[in-house]
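Note sheet for the following structure.
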Amino acid sequence: MYLELSKVITGLQSQLDFQLRLSLDDRFLSEVNAVKASEFNIQGTVKKVDKGLTLSFAYDGNMTFACDRCLTEVKLNFNHIAERELADDEAGDDSIPIVDHQVDLMPILEEEILLNKPLQILCSDDCAGLCPKCGKNLNNGICGCEDERIDPRLEALKNLFGH
Ligand SMILES: [Zn+2]
Ligand SMILES: [Zn+2]
C-alpha cells in the first residue's frame, strides 16, 4: 500500500494525515509461521522535517500462530506506536526510501511485526506440549504412553532403592 507524498514534499501541505487498512500477504504469513491475520488498522501522520519526512503511526491488528509446543492456535494482538524517517533513496542511511513521491507502508508494518513478535509463542507458560510418542495434546490430560516415558528423577529414585 503506497502513500502519496507529493503534497507534503512540495510543501503544499504541512502534513498528511492518513488512516487505512492493510492485509498481510501469504508470503509474509508463511515467513513468520502465522496461520492467519486480521486486517491491520494504521493511522498516522507524515510531516516535513529539515531534509526529509517523518512518519508517525499507530497500528493495530491480530495474528494467529500455532503454539510452539502443542500447536493449538494462539491469537496475538499487535498494537504499537512507531516512528520512521523517510528520505530519498540516495540518502543511504536507515531511513525508509521515498520512490516517485511515494512510500510503501507494507514493509514498514512487516518490520514492526518482526520486531514485536515474541521469540517463543506458547498457548500458556506451562503448556505441557504433545506426547512425543502418540501426539496427544497433554494439556487435555495424560495419555496411555505415560508409563513408558521415563522421568529421569524417578529413574534416579528407582536406582536408589535397588529396583
Ligand atoms: Zn501449547
Ligand atoms: Zn502418548
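We did not get these values from a lab; they are worked out from the coordinates using the rules stated. Computed from a predicted model, the values in this text were never measured in an experiment. A quick note on method: Cβ atoms are made from the backbone with ideal geometry, for glycine too, and the neighbour counts reach across all protein chains shown.
For the chain, what does the helix formula give at 222 nm: sum of -39500 (n - 2.57) over DSSP H segments with n ≥ 4, over the residue count, nearest 500 deg cm²/dmol?
Per the formula, -5000 deg cm²/dmol.
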Taking R0 as 25 Å, what's the FRET efficiency between H101 and D25 from their Cβ-Cβ distance, rounded to 0.05?
0.55
For the chain, count all C-alpha to C-alpha pairs, find those more than 19 Å apart, and express that count as a whole percent of the total.
66 percent
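What does the extension gain come out to for V49 and E73, with contour length at 0.36 nm per residue minus their alpha carbon separation?
Numbers: separation 24, 0.36 × 24 = 8.64 nm, distance 4.35 nm.
Gain in length upon complete extension: 4.3 nm.
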Once the piece of chain linking T10 and D126 is laid out straight, how much longer is it, given 0.36 nm per residue of separation minus the C-alpha distance between them?
36.2 nm
Pairs of Lys in the chain closer than 18 Å at Cα, counting only those 8 or more apart or on different chains:
6
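Relative contact order for the chain: what percent, with Cα pairs under 8 Å and sequence separation of 6 or more? Spell out each step's value before the answer.
Working: 255 pairs, mean separation 30.0, N = 163.
Once divided by the residue count of the chain, the mean separation gives 18 percent.
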